[in-house]
Every structure is written in C-alpha cells, then in structure tokens.
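Novice: Attaching a single structure in structure tokens format; questions to follow.
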Amino acid sequence: MKVPILLPNIFNYPFTYNSDLKLGVGDYVVVPFGKSKLTGVVWDDFEKKNNKNFAIKKVLKKIDVPPLKKNIIKFLNWFSEYNMIPKGMALKLLLLSSNAIERISGKVYDQFKIDIKQNKIELSKEQKRCLKKMNISNGKFRVHVLQGTTGSGKTMVYFESLKEIINKGFQGLILLPEIGLTGQFQNKFIEFFGFKPAVWHSGITKKNKEIIWSGIANDTIKVVIGARSSLFLPFKKLGLIIVDEEHDQSYKQDEGVIYNARDMAISRASFENIPINLITAVPSIETYDNIKKSKYSLSKLNQRYLNAALPNYEIINLNNTKLESQSWISKKVIEKVKLHLEKNDQVLFFLNRRGFSPHVLCKKCFSSYSCPNCSINLVYHKKKQNLLCHYCGYKTLLNRDCSKEGKCDFIFSGPGVERISEEVKKIFPTKQTTIFSSDTMNKKSSLEILEKIINNEIQILIGTQLISKGFHFPNLNCIVVVDIDLSSQGHDLRGAEKNLQLYHQLSGRAGRTGKPATVYFQTYNLDTKMITDITNKDPDIFLDKELEIRRENNLPPFQRFIAIIITGSNETELEKEAYKFKGFIEGVVEGKILGPVDAPIFRLKKMFRFRLLIRGRKSLKMQRSLANVIANFKFPAGIKLTVDVDPINFN
Ligand SMILES: [Zn+2]
Ligand SMILES: [Zn+2]
C-alpha cells in the first residue's frame, strides 16, 4: 500500500512510500531518502500535487513507539501554517535529533515512579477559592489564568490542580521561562509531591533526553518540567499544561524556528482538548485582553505569604541631588541604604547592563570601539579584561594606538554592573558584595553564590534583569534602581509593557518574608507619572490604559503583525531586493506592508538587515497569502528571508 511519510527536513509536505507492513497514521518508520535513511511519521494526508518523476521507495521498518496521536499531527499542521514553518521542521521539533527513541524500559524509570505523599500544606481560604475555580474544566479545553502578586503562593494552587490530574492517570507539563530556575523549582516540586519530575531543557545530556522522550511516549513518566522545547514532547496521555510566568518574553523563540511557546501551548491544549493554566503576577497584554473578553477564566490571589505587604516606592530625583563625576549613586540613596544595612536587610542595586561600560572612546582621536560584525558598540568587561559584542560574541582587547601618536587615551562612558559594583565597594567597604548577571551566574559556582545570598552572607547585590526571574531571597528588603530611563522605548511597541513586567517582577523580589521593604528609583526624568503608573499596586490600571493605546493605534492584540527580516552581505543589492520583494507581495498579501526600513541593528553578525512589517486582521488568511507568494519569489544566492509571526523584539 502507498503511505504518506513526513520527514524531519525543510519540506512542507510528506513523501509517498510503498509498504508491505501494516501501517496507520502516526506510526514512526524508517525510510530511505536519497542515499541516507531517515526517521519519519505516517502523516494524515498525501502531498497535494503528485510528483510522478520519483520512483516510489519502500518503508524499511516500523519503530517500536506508540503512534503519534492524530490530534498532535493536526496541531503540528496548524503550527506549521501559523508560524510559516515547513511541516517537516515542525516534526523535527518533536523528534530527538531527528530520531524516535525505541522503547526503553527497566530500572531507569524507577526514579520517576509516582508516589504522591500526603502533604501537610494547608491552603489558605483564598488559595482554596482559586483552586476550585481552576478545577472547573471537566477535562476539556479551557484557558484559566491564575493571577497573584509575587509571593502569594500561586505554585501551591496549581500543584494541587496538577495532583488531581495525575491521580486520574494523566500526564502533566509545567513550562518555565528560564532554565536557570528549574533546579530551585524541582526541589519545590519534590517537597510537595514526594516524587521526581522529569526536567527537560537544552542543557540535559543526550542519554537523559532519550530516557525522558521514551518515558513520555510510553506514559512511564508522568510529569515534565521544561523550557519551551518540552512543548513538543510526544505525550501519550497529556491531561494538563501549566505555563508559569506566562507573561515572560523568553517564551518567544527568536532564532531558528521562530514561535511563541505560550501561544503554542494554548494551541496544543486546544487540539488535545485538555485544560491549560496560565500563571502570572501581571498578565501579558494578550492574556489580559482575553480575560477582558471572557475568553479566559480568571482567579486572583491578592494576599502575600505571611500577609507581607508589597514594597514601598520612593522616587529620588537626581536633578535635586547632584551626583559627583564618575559616580552613579546619590548621597540620598547612600543614606537610605545605610539604614537598611543597619537592620540587616539585604540590598540590591539594579542596572540592566552587563559589564563595566557600554561605550569606550579615545579622547585624543575620538574614535570609539564598535563591533566589526554588527552596528553596535562593544561593551567593556573589566573583569575579563576585554571588549565584548553582546550580539555576536566578538571579543577584543582594550589596546589601540591613535592614528597619529602613541596609545589611545580611553574614556569610559556610562556604567554597567561592574562599574556600579566598584562604586558600591568604595562606599560600603566592609560589606560582602556580588554581581548577579549572566556573566557571573551561569557557572558551576553560582549555586554556592545563591546559597550565600539566601543566608545573607552577601549583603549587597548588583544585578541585571536576571535577578527579576523568580528567585527567592528572604532578606532582600531594599532595591535601588540605579537609573530608570523609560524614555528609551523608541521603536519598540512593547516597550511600556516590558517595563511594567520588569519592574513588577523586580520589586516582587523584595520584602518576601514580611519585613517592610522599599524600592528606590533614581531618575533624571521629571515626568515621574510613568514610574507611578508601573509601580501601582493594581497592575490592571496600567494594563487598561495600555490596551486602550493599542486599540486606538490598531496594534497587537487588535491586529496581527508579521515581521519579515531580509539579510545579506551586500548592502546595495540587499536594499534593491527588499524593495523588489515588497513590490512582489504588495496587493497579494492580506495586509498592509510597511517598510522596508533599516533594522535598528542594521548590521548583525556581518550581515546587513532590512525589515518589513505586515499588519492586518487576525486570520490565517494573512499567513496563507504570504506563504503562497513567498514560494514564488526567488532571492539571489546569499540573501536570506526570516518570517517572525507576532514579533516581540524589533531589533
Ligand atoms: Zn557583533
Ligand atoms: Zn585614540
């Protein structure tokens, strides 16, 4: 018999094979392809146009894995159409290095055996009320949002709801935005459930991935905690998906296969017809819109653990309190911080900039250090003794001659966390300090540092946005935002929303054990209304305003955006092609086309970049019309086109 087999490659359709084996839709098979053998899946439909030029080859074997469920095949078809990704590439996300793992059995699964312990954790009245609302689902698809202030015990509520699902014999998936959190989170899980969940992210070993993949496909593993990619695991009996920190923009995969894992999780739940819970302190604007439209149900936790109050806010106007030259911490802040340190409070200085200085130039020849591959300044990292491009990883030494005479004489303009750290050490020489950024916290030693912070052996932290991501530091009761600059939102339509999320998450790190806490904002900005808005205890006020702005300007979530980025090494040719492409799709695509314009980072990794933006009604027609026309446009060799549906970054 003839069977359609989808293969994990760049083709958007299945290939036709012959088979003597009894095969059904969803079966995993091995087939010959060119000179190699590939793993594929029996798909639900043949390729539309029949390619008669090829001799039909025979399926080599069937793999011992439970067949892929039909509704997952439907999900992958939809995923491919929505994100404009070839079907084969969608299948590739589900396989493990393009393979299916034949049934593994035995002792390796003992560690995941469910043995739910009776826990003594008593939920509060409020938590019970939320749980009740969350559990109204009858096992069918629905989206529920659990909104609760940081530290209000949201995790316990959704753990309880997951427990019920596991007790009914189903599998569960918990998505987390940051793999750095999975360790702390896994312990919390084990403490509650009494058994080990499988942890899935890019950093785990191949052997472990094989064990987990097979365990999921055969239903011997019940719970997965994972990053974006765990969404594509071949669950046999998935009963519930939980997306923790649903607002977090790292759910968007920006490179390679571009998709938003939160949105795709909702879609998978819908195809599987199972409930999904979104967890957040401040919902994303899309989720908020869906709550308002009653598409999603909502429950709210308003009380913090131990009735801890949210931190107070104080704005420190830098126009009134003069900073000394080469100094970024005001006298007023120093006084305040001293009082906190006397009470044994931990203090965090927050600045979202890695390294020592973002801009280095010579005062004799005036030339600055910029990346030879990207149109961006190099950042000076004093500890590593080099200048670094944060986009392509280019490195160079701080050592240069002026064109005329002798060595360059450098000026370091503006601070990064390393520079603030130096200043802090000068002001508070007896205190233990540490920098908390991806440069310092991605190492083996970071667990040790975490421990010290938790035990208050380190009194002052200097951190980037990494610290806003769900860490629990019991003594942190004072946060100084070194420079809140909200004017730099520029081209980014999500700038305001991003700031709201960042500062809300950041302040949520303070005052977690009931002691009074304060967040100090240093700013030159006289219009402090924006700060008051984003620090309001009720984030809905801000979200309502933001939603109104989006509505008035026809921005997402009221319209769909599709970004197109065209890259190439020859600037003149690229610009010409970008205009040609626009002319080719204009009038054919369902939507209005803006651009082409130079991308804000015009040169990245040696490539020039032009952007187009298509905006239109939220309908798959937009993607379909674009996919049809793109297929007929041929760029010269070396020019690459990337499609980003629902873009979040506008670099
Ligand atoms: Zn670069
Ligand atoms: Zn010079």
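The values are calculated or read from the model by the stated rules, or taken from the named source; none is laboratory data. Fair warning: this is a prediction, and the values are worked out from it, not measured in the lab. In this analysis, Cβ positions are derived from the backbone assuming ideal geometry, glycine residues included, and neighbour counts consider all displayed protein chains. Heads up: the accessible areas ignore ligands, DNA and RNA and are worked out on the full protein's heavy atoms, side chains in. Shrake-Rupley method; radii C 1.70, N 1.55, O 1.52, S 1.80 Å.
Novice: Report whether or not ARG354 is among the basic types (Lys, Arg), touching a Ser or Thr at 6+ places or on another chain (Cβ under 6 Å) and open to solvent by 60 Å² or more (accessible area, probe 1.4 Å).
Specialist: yes
Novice: For a quick check of your reading of the model, give me the residue pairs whose first member lies in region 601-630 and is assigned to a loop (DSSP other than H, G, I, E, B), whose second is within 16 Å of ligand 1 (Cβ to nearest atom) and of a type in the set (Val, Ile, Thr), with beta-carbon atoms closer than 9 Å and at least 6 apart or on different chains.
Specialist: LYS605/THR567
Novice: Within region 425-439, does at least one residue satisfy the condition of being in a helix (DSSP H, G or I), crowded, with 19+ Cβ neighbours inside 10 Å and either hydroxyl-bearing (Ser, Thr, Tyr) or touching a strand residue (DSSP E or B) at 6+ places or on another chain (Cβ under 8 Å) (or both)?
Specialist: No, the conditions are met nowhere in region 425-439.
Novice: Also: If you go through region 138-169 one residue at a time, how many are out of contact with any strand residue (DSSP E or B) (no Cβ under 6 Å at 6 or more places or on another chain) and either of a type in the set (Phe, Trp, Tyr) or in a loop (DSSP other than H, G, I, E, B) (or both)?
Specialist: Adding up the residues that qualify gives 11.
Novice: Is there any pair with a first residue in region 368-383 that is within 13 Å of SER413 (Cβ to Cβ) and more than 16 Å from ligand 2 (Cβ to nearest atom) and a second that is open to solvent by less than 10 Å² (accessible area, probe 1.4 Å) and modelled with pLDDT of 95 or more whose Cβ atoms are under 6 Å apart and which are 6 or more apart or on different chains, and what are they?
Specialist: Final answer for the pair search is VAL379/GLY355.
Novice: For the condition open to solvent by 10 Å² or more (accessible area, probe 1.4 Å), part of a helix (DSSP H, G or I) and modelled with pLDDT of 95 or more, what is the one hit in ILE211, ILE190?
Specialist: Testing whether each residue is open to solvent by 10 Å² or more (accessible area, probe 1.4 Å), part of a helix (DSSP H, G or I) and modelled with pLDDT of 95 or more leaves just ILE211.
Novice: Just need a number here: residues in region 352-364 that are assigned to a loop (DSSP other than H, G, I, E, B), away from ligand 1 (no atom under 16 Å from the Cβ) and modelled with pLDDT under 95.
Specialist: 4
Novice: Okay, moving on. So which of LYS576, LYS621 ends up being at pLDDT 95 or above and closer than 24 Å to PRO86 by Cα?
Specialist: Exactly one residue qualifies, and that residue is LYS621.
Novice: Given the conditions (1) surrounded by fewer than 20 Cβ atoms within 10 Å (Cβ to Cβ); (2) under 29 Å from ASP248 (Cβ atoms); (3) without any contact (Cβ under 8 Å) to a residue 60 or more places away in the chain, which single one is not true for GLY591?
Specialist: Every listed condition holds for GLY591 apart from (1).
Novice: Pick from LYS582, LYS576: which is closer than 17 Å to GLY638 by Cβ, basic (Lys, Arg) and assigned to a helix (DSSP H, G or I)?
Specialist: Sole residue among the options that is closer than 17 Å to GLY638 by Cβ, basic (Lys, Arg) and assigned to a helix (DSSP H, G or I): LYS576.
Novice: Something else about it: Within region 365-423, which strands (runs of 3 or more DSSP E) (wholly inside it) include 2 or more residues that are within 16 Å of ligand 1 (Cβ to nearest atom) and in contact with a strand residue (DSSP E or B) (Cβ under 6 Å, 6 or more places away or on another chain)?
Specialist: 379-381, 386-388
Novice: Of the residues LYS120, LYS128, which is open to solvent by 70 Å² or more (accessible area, probe 1.4 Å), free of Cβ contacts under 8 Å to residues at least 12 places away in the same chain, basic (Lys, Arg) and in a helix (DSSP H, G or I)?
Specialist: The conditions single out LYS128.
Novice: So, one more: Any residue in region 142-159 that's on the phi < 0 side of the Ramachandran plot: show its pairings with residues that are charged (D, E, K, R) and surrounded by fewer than 21 Cβ atoms within 10 Å (Cβ to Cβ) at Cβ separation under 6 Å, as long as the two are six or more apart or on different chains.
Specialist: From region 142-159, the pairs are GLN147/LYS300; THR149/ARG304; SER152/ARG304.
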